[in-house]
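For reference, the structure is listed below as structure tokens.
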Amino acid sequence: MTRTERERLRLIPELEANIAMIKEMSGGSSDVLINRFRTGGIECALICCEGMMSSQTAAEMVLSPITGIPPQSSAAGLFRYIQTELLLSTDRPTASDYDTLFRLVNSGFAVLIAEGADSALAFGVQGYASRGIQEPSGEGNILGSHEGFTETVRTNMSLLRRRLKSPELVMELEVKGERSRTDICLCYMRDRVPERLLERIRRSLNGIELESVLSTGYIRPFLEKRSFELFSSTGITERPDVLCSKLIEGRAAVLIDGVPYAMIVPRLLCESFHTLDDYAYKPYYAVFSRWLRYGAFIVAVLLPAVYTAVVMHHPELLNSTLLMLLAEAEKSAPLPILAEALIVLLMYEMIREAGIRLPKPVGGAVSIISGLIIGDAAVKSGLVSTPLLTVTALAVLGGLVVPDLAPQVTILRFAFLAAGGIMGVFGISLLACAVLVNVCATEDYGFPFTAPLSPFSAAGTGDTAVRLGMRRMLRRGFTVEGYYEQDK
């Protein structure tokens, strides 16, 4: 039975028929528990999903109080008594169709149905196993918070609420996925987010028609343009404090149940080079660190390409000493420089992929094999020259400085290497212009990816290439709302 059919099928007032229909729809699944009992003189049944609720909480807050209800004349009177006289649970939705009933049961609610009632009462007694709040693995910092998002969406909502206690923080829960019925939470600051931006995001989310939502990759394409973009115009973070700072700037965020990351809409290119520690240190050190990341990005993308282009097509750009050293190193290599560079970069990508996919206890073997065996043996045997291996290692190290842009750095490195090896510096320049045009054309929801530099906004320049003192930044803060007002 499809979800649409379940939505149309209303609950039946007869208890036995209701229970039979629930068993039929669940296929007799062993984890769907149906507990019959009698209270207030009326036959009832409590439906729950094993492993999704806390048995102790259900017994103390629901079963114990509900079995002591005085005699009632009807199921409607029983439900009215529970709603007005008993608290039982702070989260008490109702269900009038089977689709809502199963969604609540599978979300950890205990659902009460009664003889003569055409609706059901649900009580929030969730108690499923989940990972505790831990330090984020991919966004490390020294002086900031060490709390990261978890896989439980309501825990993530509480992490935001602890940091932003303002009533202007709004969280809208909805369900996506025909089969998975995943909880999606749209978060925003009501007084900061532009209404136009919020309406466009809601329209994008309403257009999602998927069977399941299991990661951010399922939702992200619907929040971005369909045209080809090298860089993603939506951001990902696993830090509640980072997300709070974006919400204050007027952005919106999407939390997905089962995913320890939040999506930020829209995202800026310059934010990939920012860290939380930039706002904990003195401005002069933050500026130094930020420019170090900008330089590392350029080195990661262009260094192998420039080296290959100069050695193959423009040796006149090198002084005589350096030229002789490179010629001596490359003379014993059996392959052309372009082929060498491609082989070394592909070898690194395979090593990186193996390190990610292998179990952690075996991960140390990857560094031993790659560093001591493959790298050392390749240089000593003459298959790869030492200067080329050094250049590749520097490029790889530069890419590790900006982990947010790792996919783009990897592809652009290969693209620039091919352009430099075939057409020299001219090919690198042509490809750089094409990349720059694509980046500047990236725009979602009317907000440019390269803002506040292109188009220029003076209010945002204090936290892009440089970082002003906190007092000056607060006086000239950059917000999405301010940009939309400027753009009118």
Computed from the coordinates I sent, semi-axes √(5λ) of the Cα gyration tensor in Å equals one of (1) 56, 27, 20; (2) 45, 27, 19; (3) 61, 22, 17. Tell me the label. (1)
Rounded, prolate or oblate for the range 124-209? Axes are the square roots of the Cα gyration tensor eigenvalues, ordered a ≥ b ≥ c, and the cut-off for rounded is a/c under 1.5. oblate
Per DSSP, loop trypsin sites (Lys or Arg not before Pro) in the range 58-158 with at most 15 further Cβ within 10 Å: R131
Ratio of alpha-carbon Rg to the 2.2 N^0.38 Å globular estimate for the range 153-267, to two decimals, please. 1.00
Computed ³J(HN,Hα) along the range 147-158: with the Karplus parameters 6.51/-1.76/1.60, θ = phi - 60°, integer Hz and x for glycine or proline, the list is 9, x, 5, 10, 7, 9, 5, 6, 5, 5, 5, 5
Semi-axes (Å, rounded, descending) of the ellipsoid equivalent to the range 279-444 per its C-alpha gyration tensor are 27, 24, 16
Trypsin sites (Lys or Arg not before Pro) restricted to DSSP loop in the range 195-264 with at most 10 other C-beta within 10 Å: R226
Exposed GluC sites (Glu not before Pro) being those in a DSSP loop with at most 15 other Cβ atoms within 10 Å, the longest stretch of the chain free of them is 212-488
Please state the shape class of the range 3-124: rounded when a/c is under 1.5, otherwise prolate if a/b exceeds b/c and oblate if not, all from the C-alpha gyration tensor. oblate
Value of relative contact order over the chain, rounded to a whole percent, pairs C-alpha under 8 Å and six or more apart: 13 percent
How tilted is helix 75-85 with respect to the longest principal axis of the chain? Cα atoms for both, answer in degrees (0 to 90, nearest 10). 60 degrees
Cα axis of helix 425-441 to longest principal axis of the chain: angle in degrees, 0 to 90, nearest 10? 30 degrees
If one takes the longest principal axis of the Cα atoms in the chain, at what angle in degrees, from 0 to 90 and to the nearest 10, does the Cα axis of helix 406-423 lie? 30 degrees
Please identify every one of the chymotrypsin sites (Phe, Trp or Tyr not before Pro) in the range 35-112 that sits in a loop by DSSP and has no more than 16 other beta carbons within 10 Å of its own beta carbon. none
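None of the figures in this text is laboratory data; all of them are computed from the coordinates on show. Please read these numbers as outputs of a predicted model, since none were measured by experiment. Reconstructed Cβ throughout: ideal geometry from the backbone, glycine too, with neighbour counts over all protein chains shown.
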